[in-house]
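Peer 1: Questions regarding the structure given below will be posed in turn.
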Amino acid sequence: LRVVAQQPTAYFRAAAVIDPAHMAKGLVKGATEGNGWEKAKKYAPIAAIKDTSGFDQSGRYTIAQNVFGQDGNALMNWLSEASGWAAGKADAVTWEKIWNACEWAVVSENSYEKGSDGFYQRTAQLFTEVVDQSQVVDGILQRAQIMRDSNGLTKQATSFMGEPLKSLNMLMRSYDAWRYETDTPKKSKALKRFARTVSALLVTDVVNSLVQ
């Protein structure tokens, strides 16, 4: 229940990557007709993988498991599906809103005809960037480097730490981008990005705490 309740709060963390104005529009609807989650699954591979494998992308089901069940035990299969159903729905709703926000961001670029294939491909590209940077996905390609360490103590220390490590890395990347930028205009832009990242993470933590 805690996972279900706090999953939508991850939407606020995406504000570090997407303009909050686009995110506000995305909460209502996307720039094109249709369900955002369905469009995300169609155009963004990370969404299709998430839909197929649930929370753990490192344990993607085989064709046999999808057809016949995970282990041949009907009761265990039902319990597994039932326990993860609500969390999966909360995940889908969150990612649907992120897709909607990405559509509005692409519209603001004025480079693609709304609803065209190029428009959706660009939205999928932006959506994937947002997910990689701000959302917790339990796949080997999305884990922080320390979580890939084979040391037993390190594995224990970083177990279930995907979300705080994701937040920490977002903060460090935006700080480094500002701290080491030498071009004045770019440095000013990087500072705004750093401030927005700090704000997004603070809001996420506050809302998360209230939900918990």
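The values are calculated or read from the model by the stated rules, or taken from the named source; none is laboratory data. Quick caveat: nothing in here was measured; it's all calculated off a predicted structure. Counting neighbours? That spans all protein chains shown, and the Cβs are built from the backbone with ideal geometry, glycine included. When the accessible area is computed, the model is the full protein with side chains, heavy atoms only, and any ligands, DNA or RNA have been set aside. Shrake-Rupley method; radii C 1.70, N 1.55, O 1.52, S 1.80 Å.
Peer 1: What distance in nm separates the two pseudo spin-label positions at Asn151 and Ser188, each 7 Å out from Cα along the beta-carbon direction?
Peer 2: 4.5 nm
Peer 1: With the full set of protein chains in place, find how many percent of the accessible area of the chain is carbon and sulfur; take the probe as 1.4 Å.
Peer 2: 59 percent
Peer 1: Rounded to the nearest 20 debye, what is the charge dipole size of the chain about its Cα centre when +1 sits on each Lys and Arg Cβ and -1 on each Asp and Glu Cβ?
Peer 2: 540 debye
Peer 1: Tell me the relative contact order for the chain as a rounded percent, counting alpha carbon contacts under 8 Å between residues six or more apart.
Peer 2: 33 percent
Peer 1: Then there is this: Please work out the FRET efficiency for the pair Met172 and Ser209, using the Cβ-Cβ distance as r and a Förster radius of 25 Å; give the result to the nearest 0.05.
Peer 2: For R0 = 25 Å, the calculated efficiency reads 0.65.
Peer 1: Also: Report, in degrees rounded to the nearest 10, the 0 to 90 angle that the Cα long axis of helix 74-109 makes with the longest principal axis of the chain.
Peer 2: Roughly 20 degrees between the two axes.
Peer 1: Near Arg122, within a Cβ-to-Cβ distance under 15 Å, what is the net charge of the other residues, with Lys and Arg +1 and Asp and Glu -1?
Peer 2: In short, -2.
Peer 1: Solvent-accessible area per residue for the chain at a 1.4 Å probe radius, Å²?
Peer 2: 59 Å²
Peer 1: Next question, about the same structure. What are the aspartates and glutamates whose alpha-carbon lies under 12 Å from the alpha-carbon of Lys114, with same-chain residues fewer than 8 places away excluded?
Peer 2: Within reach: Glu33, Glu103.
Peer 1: The range 143-190: Rg/Rh from Cα coordinates, Kirkwood Rh?
Peer 2: Radius of gyration relative to Kirkwood radius: 1.21.
Peer 1: At a Cα cut-off below 17 Å, give the aspartates and glutamates reachable from Lys166, other chains included and same-chain residues fewer than 8 away excluded.
Peer 2: Asp56, Asp91, Glu129, Asp132, Asp138, Asp149, Asp176, Asp205
Peer 1: Once the Cα atoms of helix 117-134 and of the chain are each reduced to a long axis, what angle between those two axes, in degrees from 0 to 90 to the nearest 10, is obtained?
Peer 2: The two axes meet at around 80 degrees.
Peer 1: Count charges around Lys25 for me, please; just the other residues with Cβ under 15 Å from its Cβ, Lys/Arg as +1, Asp/Glu as -1.
Peer 2: Once all neighbours under 15 Å are counted, the net charge is -2.
Peer 1: Based on the Cα gyration tensor of the chain, what are the three equivalent ellipsoid semi-axes, each the root of five times an eigenvalue, rounded to whole Å and given largest first?
Peer 2: Three semi-axes, in Å: 30, 23, 16.
Peer 1: A further question on this structure: Compute the length gained on full extension between Arg179 and Ala5: take 0.36 nm times their separation in residues and subtract their Cα-Cα distance, giving the result in nm to one decimal.
Peer 2: Stretched fully, the Arg179-Ala5 segment lengthens by 59.0 nm.
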